[in-house]
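Peer 1: There's a structure below that I have some questions on.
The values are calculated or read from the model by the stated rules, or taken from the named source; none is laboratory data. Keep in mind that what you see is a predicted model, and the values were worked out from it rather than measured. Reconstructed Cβ throughout: ideal geometry from the backbone, glycine too, with neighbour counts over all protein chains shown.
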Amino acid sequence: MAVSWNWQLFDEHLATEISLFTEANIPELVHPEAEFWPSNYFLNSAMRTAYTSPTKEYVFTFIRRTTAAFEEYDLGRDATLRFVERRSAGEQPVKTYRSALHHWEQCVALAWQAIDVWRKLTGVDAFKVGDGSPEERLNLSYNRSKHTDKAIAAAQMPPVGPLAMWLANNGLRTTESLVEWVELHDVLGDLGKSADLLQDPEKMRSPSE
């Protein structure tokens, strides 16, 4: 018979606020072209028109990061919904939680890196400091997750729990930000629209147009 632990012990030693994480309404991320962006880009570039450097490198990096962010979103969503389902059945699937968090961390990192490449490609900033936009909060979450060691040193971690970014019912949370599930879905959707444009150099002569 499996041992049942107090959820507050998991809060303290394993996953911040996991005791409160009981549901997640995460929109499915559907895009018919997502898995084909890299191959479409290659075929269009090899057989029709290609970007010149450094645009070529920026575009391919953007497409690769966006494609991977979509993949991690799907993996994170699947693992998260499995956790919620198993928990509602009385289990304590902490390994599934760890897997979900890993995929969300990768998704956030890849999405922000794609946004940053787009900024370098087009000269357009994703947000203004202090505007509270989903992009700004995504950046805050990315930095907090990436620089957990600095957050620990600066006493910026949550009062209880070892995680700098964790799963909440309504999204991904840190001590200073929340990115709701639907917001992350929509940010990736915007990245997907840009990938659709960039995958064909013939149609997108200048990424800033």
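Peer 1: If the requirement is being in contact with a helix residue (DSSP H, G or I) (Cβ under 8 Å, 6 or more places away or on another chain) and in a loop (DSSP other than H, G, I, E, B), which of these qualifies: Pro162, Pro158?
Peer 2: The conditions single out Pro162.
Peer 1: Hey, another quick one. Here is a list: Pro54, Pro93. Which entry is without any contact (Cβ under 8 Å) to a residue 40 or more places away in the chain and either touching a Gly at 6+ places or on another chain (Cβ under 9 Å) or farther than 28 Å from Trp166 by Cβ (or both)?
Peer 2: Pro54
Peer 1: Can you tell me which residues in the range 162-176 are touching a residue at least 60 places away in the same chain (Cβ under 8 Å) and within 17 Å of His103 (Cβ to Cβ)?
Peer 2: Scanning the range 162-176 gives Leu163, Met165, Trp166, Leu167, Ala168, Leu172, Arg173.
Peer 1: A follow-up question, please. Test Met204 against the criterion of being at pLDDT below 95 and surrounded by 16 or more Cβ atoms within 10 Å (Cβ to Cβ), and give yes or no.
Peer 2: yes
Peer 1: Go through (1) touching a Lys or Arg at 6+ places or on another chain (Cβ under 6 Å); (2) of a type in the set (Val, Ile, Thr); (3) farther than 27 Å from Asp74 by Cβ for Ile26 and report which single condition fails.
Peer 2: It is condition (3) that Ile26 fails.
Peer 1: Of the residues Ser141, Ser145, Ser133, which is of a type in the set (Gly, Ala, Ser) and surrounded by fewer than 16 Cβ atoms within 10 Å (Cβ to Cβ)? Spell out how you get there, then give the answer.
Peer 2: Details: Ser141 fails: surrounded by fewer than 16 Cβ atoms within 10 Å (Cβ to Cβ); Ser145 fails: surrounded by fewer than 16 Cβ atoms within 10 Å (Cβ to Cβ).
Exactly one of Ser141, Ser145, Ser133 is of a type in the set (Gly, Ala, Ser) and surrounded by fewer than 16 Cβ atoms within 10 Å (Cβ to Cβ), namely Ser133.
Listed here are the residues, each with its yes/no results for (1) assigned to a helix (DSSP H, G or I); (2) modelled with pLDDT of 95 or more; (3) more than 18 Å from the chain's Cα centre (by Cα); (4) under 19 Å from Arg173 (Cα atoms).
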residue	(1), (2), (3), (4)
Phe62	yes, yes, no, no
Phe70	yes, yes, no, no
Glu105	yes, yes, no, yes
Ala111	yes, yes, no, yes
Gly130	no, no, yes, yes
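Peer 1: Select from the range 100-125 the residues that are crowded, with 18+ Cβ neighbours inside 10 Å and more than 16 Å from Arg64 (Cβ to Cβ) and list them in ascending order.
Peer 2: Ala100, Leu101, His103, Trp104, Glu105, Val108
Peer 1: Where residues in the range 52-99 are farther than 24 Å from Asp196 by Cβ and among the hydrophobic types (A, V, I, L, M, F, W, C), which of them is surrounded by the most Cβ atoms within 10 Å (Cβ to Cβ)?
Peer 2: Phe83
Peer 1: Could you tell me whether the range 181-196 includes any residue that is in contact (Cβ under 8 Å) with a residue 24 or more places away in the chain, in contact with a Pro (Cβ under 8 Å, 6 or more places away or on another chain), in a loop (DSSP other than H, G, I, E, B) and among the β-branched types (Val, Ile, Thr)?
Peer 2: No, the conditions are met nowhere in the range 181-196.
Peer 1: Something else about it: Of the residues in the range 113-128, how many are within 22 Å of Val182 (Cβ to Cβ), of a type outside the set (Gly, Ala, Ser) and assigned to a helix (DSSP H, G or I)?
Peer 2: Going through the range 113-128 one residue at a time, the tally reaches 3.
Peer 1: Does the range 151-172 include one or more residues that are farther than 20 Å from Asp190 by Cβ, surrounded by 18 or more Cβ atoms within 10 Å (Cβ to Cβ) and of a type in the set (S, T, N, Q)?
Peer 2: no
Peer 1: If Leu9 satisfies all but one of (1) surrounded by fewer than 14 Cβ atoms within 10 Å (Cβ to Cβ); (2) over 27 Å from Ala164 (Cα atoms); (3) of a type in the set (A, V, I, L, M), what's the number of the condition it fails?
Peer 2: Going through (1) surrounded by fewer than 14 Cβ atoms within 10 Å (Cβ to Cβ); (2) over 27 Å from Ala164 (Cα atoms); (3) of a type in the set (A, V, I, L, M) one by one, Leu9 breaks only (2).
Peer 1: From the residues in the range 1-43 that are acidic (Asp, Glu) and outside any helix (DSSP H, G or I), which one is modelled with the lowest pLDDT? Even if it seems obvious, please write down each step before you answer.
Peer 2: Initial filter on the range 1-43 (acidic (Asp, Glu)): 11-12, 17, 23, 28, 33, 35.
Adding the requirement that they be outside any helix (DSSP H, G or I) leaves 17, 23, 28, 33.
Working: Glu17: 97, Glu23: 98, Glu28: 97, Glu33: 90.
Ranking the qualifying residues of the range 1-43, first place goes to Glu33.
Peer 1: For a quick check of your reading of the model, give me the residue pairs whose first member lies in the range 142-161 and is more than 20 Å from Glu17 (Cβ to Cβ), whose second is in a helix (DSSP H, G or I), with beta-carbon atoms closer than 8 Å and at least 6 apart or on different chains.
Peer 2: Lys146/Ala109
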